[in-house]
Every structure is written in C-alpha cells, then in structure tokens.
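To start, the structure under review is shown below, and the notes come after it.
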Amino acid sequence: MTHPTPPKTQVLGVPTPLGQQRQRPAFLRRFLAQPATLLSLAWLLIVVLCAVFASALAPYDPLENQFTPDALLQGPSAEHWLGTDDNGRDVLSRMIFGARIALLVGLGSVLIAILIGVPIGLLLGYRGGWWDRIGTRFVDILDALPGLLVAVAVIAILGRGLPALMLAIGLIFAMNFARMTRAITLTERGKMYIDAAKVSGLREVSILFQQILPNLIGPLVIQGAVLTGSAIIIESMLSFLGIGLQSAVPSWGGLLGLAAAKLAVQPFLAIPPGIAIVLTVLSFNMIGDGINDALAGEKRKLVRPVKRVAGARTADSATISDVVSSPVLEVRDLEVALNTPEGTRSLVRDVNLTVRRGEIVGLIGESGSGKSTLARAILGLMQPGIGVARGAILLDGEDIAGLGEKDLRGIRGARMAAIFQDPMASLSPVHSVGQQLCETLRTHAKLTKPEARARAAELLTRVGVANAAQRLDDYPHQFSGGMAQRVAIAIAIASNPELIIADEATSALDVTTQAQVLDLLLELRDEMGLSILFITHGLGVAAEACDRVVVMYQGEVVETAGVWELFDRPQHEYTARLLAANPALHMSERATAQAMLVRDGNVSGGPRADDGAGDAVPLLRVRDLALAYRTPSLLGGASKPVVEGVSFDIAPGETLGLVGESGSGKSTTGRAILRLLPVAGGTIEFQGTDITSFGAHTPLSYRKHVQAVFQDPSMSLNPQQPVAAALTAALARHGIGDRAEREHLAEVAFAQVGLTTDHLARRPAELSGGQQQRVAIARALVLRPQLVVCDEAVSALDLLTQRQIIDLLAQLQEETGISYLFIAHDLGLVRNICDRIAVMRLGKLVELAGTERLFNAPEHPYTKRLLGATPADHPEGREERRRIRTDYALAHASGQIPTP
C-alpha cells in the first residue's frame, strides 16, 4: 500500500507524527541498535557493578596479606579463583576493587580535562582575533609537552595519590578538548542563532554556556568516551612504572606491573588485568563510535529495489512518423516509489508531461511536491531504495527508465544534461573549472587535451565569462555565485545535449543575476535549439522564460497549460492559490491608494532621496553611514569600505524597504543598526540617541527596543534547544517576570503568530520552515520592540509560506504600531508591505522614494535595471523586458551607464 506525502502547507498547527516528535528516542533507538555497542555496554555495566558493590562482591579483603609460602603467587584454585599476588592477596578481590580505581581515574581525569579545556576553547573560539592568535599558541606549546613528562612533574610536586594522578592525566587531555572546542566554536559563532542571541541582549557568558555549549555535547561525549579508555591505559602505564598509585592500592595497572616483575614465577598473573584493561578500553572506544554513529542519523538499511511494472508503450511500437514528430522528452504515467522496511511509499504518482524540441517547460510547485524527485528519476540519479515503479521515461522515443548505470552514463552529458541549484555544490572544489570542462569534452567529444582546452575557453566566453582563457585555471570558489552558475551551464552544453534539466537553477541567485542566467538560457535555446525542463518554485521565472507550465502538488501533476493560459485562466485550485500568493500581484491598501493617486497625478507618490519620512519625528535616523571590513594581518591590515554615505529615516509605524543585489551592502547596513558590526563613520540615531556612541557594550534598553528576524529560520534558532527557550531566555535577560510569567508570555507570543502551545517544547528540526520563521518573529515580538530589522526574512521560504509571513507582519504592524526595516533583493516582494523603498548598489544609496512612485517612475538606471530583473506576475511584456535588460547590459559594458 502506498501513502502520499503530506504537503508542507498543511503542516501548520498539526501535531508532528509520532515517529518525528522527539529526537532523543530516535537517538536511543539508533544507539541501541548496534550489537557491538550493546556488548560494550554489557561489559561496562559489569565493571560499574564491580566498582559500586566491590565490598559485597569481593571474597577477600584486597589489602589482607598472607605471607605463608604456600599463599604467595598461587595460580587459580578453588579458594582463589584468579590466584594470589606476591603478598598472598587475592587477585580477584583486587581486580574487583581495581574496577573502582579504573573508573575513578578514567572518568575523573576526563572531567578535569573538560573543566579546563572546554572554557579555554569556548573563549578563544568566540573572541577570535588576538585572543585566539595568542591563546592558540599557548595551547600549542602545552600540547607539545610530552604527556609522560607532565604526569611525572605533577606527581613529583603533589605526591603519589589518586587526586594527583587524575589531575596529571586531566592536564594531558585538557588541550585536546580545548582544540576541539575552539574549532567548533569558530564555526558556531558565525551562525545566525548567535546573532539572534546578541540582538536579544544575552550576556557573553550566557551565549557561551547556554547557546554554544549545548551544540558541543555530542562531540564532547564522543571524545570523552574515547579518552576515558586512554586514561585507564595511562594509569596502568604509570602504575607499571611505579610512579602511579601506591603499591598497596588495588589497581589493574599495579597488578600488571607486578605481573611483569614476576612473569617467570607466575605468568598467569598478567592475564586478568590485561584482559580487563583491553576490554574496558575497547568498550569505551566502541561506545564513542556508537554515539557518533547514532548522532549522525539513520544508517541506510538494505531495502529491496523498486520493481517496475511492465506495460508502458515505447518507441518500438510506434510508427516512423510518431518517432519523427515525438517530443524530446515524454513522461508517461510515471510512478516513483520508495521501498522501506515498513512498506512502499509513493513519492510521485501518475505523472505525464512532454518537452518538445526548442521548448522550455516549467515544472512548479512548493517544496515537497515531487519536482526534484521527478528530475532525479529522469536523470537516473535516484538513491538506493527509490526507483520507477510504473510508467515510462522516453528520450527521443527511447525508454530510459529501465536502463542500467552503464547505459545512462552514455546518455547523461551527451544527450541530456543538468544544471543544479547551488553551483558551488555541483562543481568540484578541488579541480579547476578548466579541468572539469575538459573532462566533459574529452569524455563525450573525444577531443585531445589542447582541443578540449580551446573548446572550453570558447564555451566560457559564450556563457559570458570574461577573460575565459585565463580563468580556466581558476577554482569554483574564485567565481561569484552567478559566474559559477555560468560555468555550470557551460559544462551542461559542452556536448550539445538535446535536453537540459534545470533544477532550481536560479533559486540561489539574486534577481539581477537570476535575470542574467535566464537570459543566457533563452539565448542558448534560440541558438542551439535546446529543450529545457525548468524546475522552480518561483512563478516569476515561469512567466519570464517558459512556454508551458506543469504544476505539481503532493507528488501529482494537477495542471498543465501554456504559460499565458495558466496565468490568465488557472483551472486547479492549487494553481490559483499559487498565483494568489505571488507577491508581485499584491499591494497593500495604502500602496493601492497611493498608486491610484500617482496614476491620476494628484500626489508625488512619496518622498524622493532628499526627503525624509514625512513630518513625523523619525524613530530611526541614519546619516552618512560608513562601514568597512578590515583584513587581519600582523601589521594591522587595511580597511575596505563596504558602505558609504547611506542616509535614511524610519518613522514610527512605517516600513522601509532596503533592496539591492547581493553585495550591495543592505544586510551590512542592517547589521550595523543591530549593533552586530562596528561603524566606521556617520551616525545612527534611535529616538534621538546616537547608538554609535555606546562603545563596545550595547545598553539593554536598545536591545529591547530593536529586534531582528533573520533570513534562514533553521539557522537563527538553536538546534539543540526547544524553541520556547529562545523567548524565555530573552525575557529572563531583560528581567521580565518570573519563570511562570515568562512561559505565559511565550505562549501569548506564539498565539500571536499563529502557533500553539504544542510547538513550545519542539526543537527547530521538528517544525516546518514557515513555523520556524513564525517562532523567529515571536522571539522578536516578545520584548515588545519598536523596530524590527527583517533581513531577507522570507527569501528562504516557499511562495505560499512567504505570503503568510508577509500578511502576518502587516497584521502585527497594524495591531502594535511597530516599524520595520525590510531588507530584500526582490522589489516585487517588498511592494506589498513597504511604505517607502531605498535602493542600494555597491555600498551606496542610489534612490529613495515612496513605493508606488519608485515602481511607476524610477529615476536611477540601476533601479530601472532592478525593476526589469524583478520576476513578473504575468508573461505579458517579457520580450520587452528582456530587450531592456540586454540594452542595459550592453550600455553598461560600454561605460554609458553611471555607477554610484
């Protein structure tokens, strides 16, 4: 029996399925499913029981000496199961009590190492700069000291004994923990949830130990388990050398040292402590590996391959005329299924679509609708356990659904190619772009090395990469996102394929770069006669580039139509909902009224760059703002200006949009207002107070009144904490209420953004993207701020979820009178919510005007270009928009378009 996949749009407010409700049971299930781990746990349980109940389990007093000749160095007997030592003491009793010493030394030493090393690593990694440079050198020096020398020095100073031994071993391991902690902290400190904690006003100590440290628990436990075994080995070694514990103390290492001295008299004496040490150390190592595997997630189980049901008609049964007139790609009654131990789950069902020669077909739908699954099925790139259960995939009339990997390699690249969403992920980071292009050319075109390199330079030139011959030796990271995508396109067209599958090929790009890539694909279609299946969740991409559109929902095709017909007369309810959610179709009531006045010529449509926010006293006033990045070096480094001369106001209850392409400085400006970046020049006044005069520490009052909603909600929430903790921690920092009152305020804030109390205890991974962003908004609102900086707050969301969040922000503004600085790269997106829009380019503000005035009468050439690149709400006029973009590009290349 198959089960459809629920859409993300239906997740809001619905309890999470039982199997996904909590992470901990899943971790325990994965941990306990490992036989080697269970055996290790069983052995360690025996050791722990011996340590705890040693007095009851030991048949003799481990310190009781018997100096009679027949009692010394006995072998195993009925009276002494493991024999006796050189003082006639029972070896089994000393082994049982030795388990206590082994655990105390192992766990105690690791605990000491954690208490010393973790705070050092947290501080160095979080502070960075000179703290990190100097502190890391000291860590290197201490780590370079021989461990045995450290242990001997500590024991020589403090004397022999258990505390001195644990301290000595702890110091040996401390720098290991410091290094690991520093490395993880360096990664974590740049994540958005740390910025969100700073904006909430949390102290540095709270950020270190309440935000970052929980994300270190997994690695610390793994490292601790491994080093516990190592600590037992070191204790045994030191006792063996006679500088560990005193000889009277029962320990496994002491027994091993005695056995080495008496090996000729009683060789059996070495076997019990040797086996105990080996099994215990191995068990701790196995448990460390088991924790690592469990934290890494489910291991893919061996599942049955999907069996394809025969019966689809292929080209063998078609007439010659059918083949001649057949489309390049035809998908017939396709079903893609996933085999799991619980049964078969249908991912894509009853899909029919065609792509004709020279045609661009858009495949649209929200995340989880099955678009990318269908693309991978066509390309033959499905994961184990996923396969075509029924139907056919015809490429030029040939059914490729049942082909093996060897046959598909001859098709992929030569007849069918793909362009994926993130070029930095799809291009090899360790090979130059020239190597990657030449490899494709030599594989499919059978060219020599010089011929392949010459052809690679031609391809890069064709896709718009300047100085192509020189850039062949560059690596992907040396290209911008848009240029890297051009390289990916060059690789895709290298072998003149008939079909290109573009899977969200422009989704990761800003609107201007997106328009450039779309124009390039259209040019290549016209020039080479390419057929393109363009997978996207953006209706604007479909309106600009596609001839026909296929709409998918819950794994099924719900509508197929020509692009004009689909936008004018959608047939399916879901298509209508997608079109209604398109932000370019919507204007707020005040923007609509303003647009009518502008059209009738009754008002100016809003202030220009030299006007403020009106007669109202501004809540925020930015004047001549300058920001710079300093490249660190031994001589201090040079400053590189990234923002210069930016000035604007935000009035109470107003929404100002700040737009521009990637690298324009808009997010940098927002971060300066949030006091996350130092200001190089100018002023930022909030309620008449210049916040640049605050120095290194930001007053709590400012943190309370100015909050933020960041771009990626999954990154702006701490993955190791319940989402309610983000709200209650901020409330606690600002001294608002007791614990019960803070929990109540969190519930109120959740209800305000459309969430229920059921969501409070969940972790971010247990929520959909829309729910996560609602939590981020609730965190910003719980302190009742006067200004919220929304930095690309909806850019990472689906179209329907985008619409819900924008409506929510507008509703909250009407209820609370809050002000927004809404940062985005899409003018169509901000049109519905903003009163005014400021346009930035290359770190400067080039235009500031009322929303509808900016849309109807833009002044700066860059604003016109940005408007021309903004995804349209209808295909009407797309040829003219494409011509305007082309003219701008040509004029800019010839130096006719001014740059700020």
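See the values below:
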item: Paramagnetic reach from Val617 (point 7 Å along Cα→Cβ, amide N under 19 Å) across the stretch 806-822; result: 817-820
item: Length released on extending from Lys262 to Thr443, taking residue separation times 0.36 nm less the Cα-Cα span; result: 58.2 nm
item: Sequence ranges 79-87, 712-720, ranked by mean other-Cβ count within 10 angstrom, highest first; result: 712-720, 79-87
item: Cβ-derived FRET efficiency at R0 45 Å, Ile243 paired with Phe694, nearest 0.05; result: 0.20
item: Rounded FRET efficiency, nearest 0.05, which uses the C-beta distance separating Tyr629 from Ser428 and R0 of 35 Å; result: 0.75
item: FRET efficiency for Ser714 and Glu573, using Cβ-Cβ distance with R0 set to 41 Å, rounded to 0.05; result: 0.90
item: Residue order, fewest to most beta carbons within 10 Å, for Ser239, Ser346, Ser662, Ser639; result: Ser639, Ser662, Ser346, Ser239
item: Interchain or long-range residues, amide H under 5 Å from Gly358's placed H; result: Ser531
item: Under-5 Å amide H pairs with Arg390, H placed in peptide plane, nonlocal only; result: Val309, Glu335
item: Normalised contact order of the chain, rounded percent, pairs of Cα under 8 Å and 6 or more residues apart; result: 12
item: Alpha-carbon centroid distance for the pair the stretch 112-169 / the stretch 238-268, whole angstrom; result: 28
item: Cα-projected label distance for Thr68 with Gln383, points at 7 Å along beta-carbon direction, nm; result: 7.0
item: Estimated distance in nm for a label pair at Glu405 and Phe209, the labels positioned 7 Å out from Cα along Cα-to-Cβ; result: 5.1
item: Residue exposure sequence - Phe479, Phe27 - by fewest surrounding Cβ within 10 Å; result: Phe27, Phe479
item: Ranked Tyr629, Tyr193, criterion: other C-beta atoms within 10 Å, fewest first; result: Tyr629, Tyr193
item: Entries in Lys640/Lys666; Lys191/Lys666; Lys640/Lys864; Lys406/Lys449; Lys704/Lys844; Lys844/Lys864 that, when Cα-Cα distance is taken, lie over 20 Å; result: Lys640/Lys864; Lys406/Lys449; Lys704/Lys844
item: Theoretical gain in end-to-end length, Tyr475 to Leu145 [0.36 nm per residue, Cα-Cα removed]; result: 114.9 nm
item: Fully extended contour minus Cα-Cα distance, from Leu57 to Val152, at 0.36 nm per residue; result: 30.8 nm
item: Hypothetical label at His744: residues of the stretch 759-791 whose amide nitrogen lies under 18 Å (7 Å Cα-Cβ projection); result: 782-784
item: Dipole magnitude (debye, nearest 20) for the stretch 591-869, charges at Cβ of Lys, Arg, Asp, Glu; result: 700
item: Shape call, the chain: gyration tensor on alpha carbons, a/c limit 1.5; result: prolate
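Where a number appears in this text, it was derived from the coordinates with a stated rule and is not lab data. Everything numeric here is computed off the predicted structure, so don't read it as measured data. FYI the Cβ positions are ideal-geometry reconstructions off the backbone, even for glycines, and counts take in every protein chain you see.
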